[in-house]
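The values are calculated or read from the model by the stated rules, or taken from the named source; none is laboratory data. The structure presented is a predicted model; accordingly, all values stated were derived computationally and were not measured. Cβ atoms come from the backbone with ideal geometry, glycine included; neighbour counts cover every protein chain shown. The accessibility values were calculated without ligands, DNA or RNA, using every heavy atom of the protein model including side chains. Shrake-Rupley method; radii C 1.70, N 1.55, O 1.52, S 1.80 Å.
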Amino acid sequence: MSTTPVPHDERLDVARRRRFWNYPRPRKGPVQRWLPSWRIVVGTLLTGTALGAGLFVAAWSTTTIPDGLDDVQYQATTVYWANGKEMGTFAEQKREIVQLADLPAYVGNAVVASEDETFWTNKGVDPKGIVRAAYNNLKGGGRQGASTLTQQYVERYYLNTTTSYAGKAREAIIALKVAQSQPKEEVLANYLNTIYWGRGTYGIQAASQEYFNKDAKDLTPSEAAMLSGIIPSPVNWDPSVNPDQAKIRWQRSIDRMHEQGYITDDEYAKAEFPKFQKKKEATNTQGGQKGYLLAQVKKELVRSESNPDGPLESEQELETRGLKITTTIDQKLQKTAVEVEKSLHEDGTYGKANKNVRMSLVSMDPQTGAVKALYGGPDYVKQSLNTATQDVVQAGSTFKPFTLMAALENDYTLEDTFDGNSPHVFPDIKDDEGKPWSPANFGLEDFGQIDLADATAHSVNTAYAELNVENGPEKTVDVAHRAGIRDSESYPIDAVPSNVLGTASIYPIDLARAYSTIAAGGYRTKPHIVAKVETLDGTTLYEGPTEQEKEFDADVTTAATYAMTKVVEEGSGDTAQELGRPVAGKTGTSQNNRSAWFAGFVPQLTTVVGLRQYQTLDLEAGKISGQDEIDGFGEWSEITGGSWPVRAWTDFMQVATEGMDVEEFPEYVPSQPTFSPSPTPSETEEEKVTVPDLTGQDVAKATRELEKLQLVVRTQAQNSDERKGTVLQTSGAGQEVPVGTTVTLVVSTGQPDQPEQVVVPNVVGQPRTTAEQMIYGDALQPKVREEFSDQPVGVVIGTDPGQGSSVDQGSTVTLIVSKGPEPGNDDNGNGNGGGNGNSPTPDPTATEDEGGFLDGIDGADD
């Protein structure tokens, strides 16, 4: 039996019919053969519909309306002092419930018209709006939402801000259930009573009082339109903040109210943008110091043009997230700053100053930048200007350390000498009148040739002017900026010779930062008062910046610090000696005594006190401007940095250093004398070693370790509760010194500390550095006085009291150090005659740079 073979094409066709995915389709055109069949289309739609319905049913059955949906989820943010006690809050909720029936119909409908025109008819969601928003988003337009008023109600007051698609789906389901279970009037009433309207207000009643000083039931159509218009961004669209945008939003709302029939033609014709109450900068809860500190917290945290890295996007986020903010501010020190300022006015402890005088105080940890106290005014409500962070005054001679550091970086030393006579004429440098620049010292005092250490101690304008001219004023600008003085277009530091005298205007907080850089050994930090921000669940959202950035070598800041200690030990900062611990600092006074400063530090804390007197200070009228010469008060006929500012600094620091360990500054090793006997080859090529810190070791072991380094060991007994023979202190620890240098080990006697006398050692013939170490080693304090002699420069030629004298521990011993041979007399009388040049440097009682003269230079004479 024969069979007819099936053609090849038919066999393929049968095979294709048997497959589900039969592409390309046979006997179809070139395009149709690739299109899905109706079976595939229908099957896919039915499957997708079934799947979607199943997912919706599952989501619907598992999603319930949360209890307390109308409870407000926005919570006040709380700010704390460093000790954990509450300082204040942001956005305490001001809310009063009102009934929808008690309001004019247009009040609620203004919100409906602006936020959800389908509210009265939709089922809680708006499908058309969802499609419209999805199409716009897919098209690449600006991201558009489709939330109904009911969805907003669900989102804002239970779910918080929801942006994910899953979150939006859950929000829509809850909105549908709310629309089924609650009358529209109830939903609208709850919405009106709980929504945030800016200015710390929640609900229509509180907003009406805040913006219009009236009850919500008395709102006009225009007022209701304005409030409804700013709902999407009440902080940014507040009419006090952005009046143009507020008017645009008002016009949009009033137009919609008319178009949707919620106001009459007559009401629409009479509508105009309403008068409103200006946004209050502060309330009584921010009175006193809290307002300044809370404002600074806000400035550090909220992102802005001046703070693009702020962790919070807006003030609204700060005011509504219920954050816990811990500051760096020490409550006790902040109170102390207030008490110090009261001595100017309220208490008059040192005499009452002019009512227009204002103090600024900044105290910060130089190692971390944490601000411990910040005083910028007596009451934030009465004077919102923070003089410590928002106002500038001339720096005066607080700028001299920057010039000094610039010179030290350029291989100058503290032993280099300059002309300290007054005035000093610079023929090639012209003032504003075209005359030679002629800076002078305070009181026209002459100092002769003076080294930089003493020139710093006595703030000798002429010597520093010569240094700045030699080294280059642009280097002073560079050092000031690197240390922490901001580079400001509004208040630039000009690269001119007079900048060393503090002609630039600076912010007190910048000066504190710059001096902290010196105190930290050349490492700069960022001043901040926010230590930590935590969310409601304890998650750390942000921590203050404590990083250090190295700007200067340690040898530069060590030398600068040493020179600044002389300001306290020998100069106009001597009041600070009352602390009884190492202090470095600098006084400063600007031209015509319009500002006065003392900026100083101990190793653990930097504090700056500034004083200025405004020309106009009328707090009732809100006017504060101009600068006047600071009127004298109390015991001071002239206000300089060495008067009340250093007094105030000392009073504050006495409290700040209570219980604080006494730390020493890094030891400064002076350079070798300028001229001395010709060195032998071994002296020029001497080996150097680093002195180890042997504190806590047994003296025998410590001695062996030093001897291995070829150092000479000298011991000094000191009463102490530590075990007998324990090393209490190693002189020069951490310093690099030549082999053969004497190192003193202070060793415990094992006996309680008892007052005793010591004998002044024989240091005659020793170099100044060695002599100072020997004096320190005998529990005495060295002080240097230079005199001419036939001995080499830098060699000790005598002491006062003399060697062998018995004195109390801690007494000061004056080392008389040779200045070398006395130069020949000058016939013109400008060298040594008349006591006007190279006589021993006097110990002036008021030789501060304040009030010095700067002929023809407008800015600073200090």
Take the stretch 699-743 and flag every residue that is surrounded by fewer than 20 Cβ atoms within 10 Å (Cβ to Cβ) and in contact with a helix residue (DSSP H, G or I) (Cβ under 7 Å, 6 or more places away or on another chain).
Val713, Arg714, Thr715, Gln716, Gly725, Thr742
Exception for Phe273 within (1) surrounded by 20 or more Cβ atoms within 10 Å (Cβ to Cβ); (2) modelled with pLDDT of 95 or more; (3) more than 30 Å from Gln613 (Cβ to Cβ); (4) not β-branched (Val, Ile, Thr) falls at (1)
Do we have Ser253 as modelled with pLDDT of 95 or more, more than 42 Å from the chain's Cα centre (by Cα) and open to solvent by less than 20 Å² (accessible area, probe 1.4 Å) here?
yes
Exactly one of Lys623, Lys586 is more than 17 Å from Gln654 (Cβ to Cβ) and crowded, with 24+ Cβ neighbours inside 10 Å, and that residue is Lys586
Look through the stretch 529-548, keep the residues that are within 15 Å of the chain's Cα centre (by Cα) and in a loop (DSSP other than H, G, I, E, B), and return whichever of them is nearest to Gln331 (Cα to Cα).
Ile529
Please tell me if Ala596 is among the hydrophobic types (A, V, I, L, M, F, W, C), in contact with a Ser or Thr (Cβ under 8 Å, 6 or more places away or on another chain) and crowded, with 24+ Cβ neighbours inside 10 Å.
yes
Of all residues in the stretch 661-698 being closer than 27 Å to Ser818 by Cβ, charged (D, E, K, R) and surrounded by fewer than 11 Cβ atoms within 10 Å (Cβ to Cβ), the one that is modelled with the lowest pLDDT
Glu685
Is it the case that Asn356 is open to solvent by 10 Å² or more (accessible area, probe 1.4 Å), in contact (Cβ under 8 Å) with a residue 60 or more places away in the chain and of a type outside the set (D, E, K, R)?
yes
Would you mind finding the one in Met359, Met364 that is more than 20 Å from Gly632 (Cα to Cα) and either modelled with pLDDT of 95 or more or touching a Pro at 6+ places or on another chain (Cβ under 9 Å) (or both)?
Met364
Check Ala560 against each of (1) small (Gly, Ala, Ser); (2) out of contact with any Gly (no Cβ under 7 Å at 6 or more places or on another chain); (3) assigned to a loop (DSSP other than H, G, I, E, B) and name the one condition it does not meet.
(3)
Among the residues of the stretch 312-341, write down those that are in a helix (DSSP H, G or I), of a type in the set (S, T, N, Q) and open to solvent by less than 40 Å² (accessible area, probe 1.4 Å).
Thr320, Gln334, Thr336
Can you confirm whether Thr503 is of a type outside the set (A, V, I, L, M, F, W, C), assigned to a loop (DSSP other than H, G, I, E, B) and buried (at least 17 other Cβ atoms within 10 Å of the Cβ)?
yes
Checking Leu227 against (1) crowded, with 17+ Cβ neighbours inside 10 Å; (2) free of Cβ contacts under 8 Å to residues at least 60 places away in the same chain; (3) under 16 Å from Val107 (Cβ atoms), which single condition isn't satisfied?
(2)
Residues satisfying the stated conditions in the stretch 446-471, i.e. in a loop (DSSP other than H, G, I, E, B) and within 20 Å of Leu404 (Cβ to Cβ)
Phe447, Gly448, His458, Ser459, Val460
Go through the stretch 784-823 and report how many residues are at pLDDT 90 or above and of a type in the set (Lys, Arg).
1
Only one of (1) crowded, with 24+ Cβ neighbours inside 10 Å; (2) modelled with pLDDT of 95 or more fails for Glu409. Which number is that?
(1)
When (1) open to solvent by less than 10 Å² (accessible area, probe 1.4 Å); (2) on the phi < 0 side of the Ramachandran plot; (3) touching a helix residue (DSSP H, G or I) at 6+ places or on another chain (Cβ under 6 Å) are applied to Val533, the one that fails is (3)
Kindly evaluate Leu344 against the criterion of being open to solvent by less than 40 Å² (accessible area, probe 1.4 Å) and aliphatic (A, V, I, L, M).
yes
If you take the residues of the stretch 779-823 that are open to solvent by 70 Å² or more (accessible area, probe 1.4 Å) and assigned to a strand (DSSP E or B), which of them is nearest to Ser720 (Cα to Cα)?
Asp808
Residue hits (the stretch 560-574; more than 28 Å from the chain's Cα centre (by Cα) and over 20 Å from Ser811 (Cβ atoms)) are Gly571, Ser572
Any residue that is hydrophobic (A, V, I, L, M, F, W, C), assigned to a loop (DSSP other than H, G, I, E, B) and crowded, with 23+ Cβ neighbours inside 10 Å - is there at least one of those in the stretch 198-218?
no
Single unsatisfied condition, Gln367 versus (1) out of contact with any strand residue (DSSP E or B) (no Cβ under 6 Å at 6 or more places or on another chain); (2) within 22 Å of Lys299 (Cα to Cα); (3) open to solvent by 10 Å² or more (accessible area, probe 1.4 Å):
(2)
Give me the pairs, please: first residue somewhere in the stretch 442-458 and modelled with pLDDT under 95, second residue anywhere and part of a helix (DSSP H, G or I) and open to solvent by less than 10 Å² (accessible area, probe 1.4 Å), beta-carbon distance under 6 Å, and either six or more positions apart or on two chains.
Ile450/Ala463
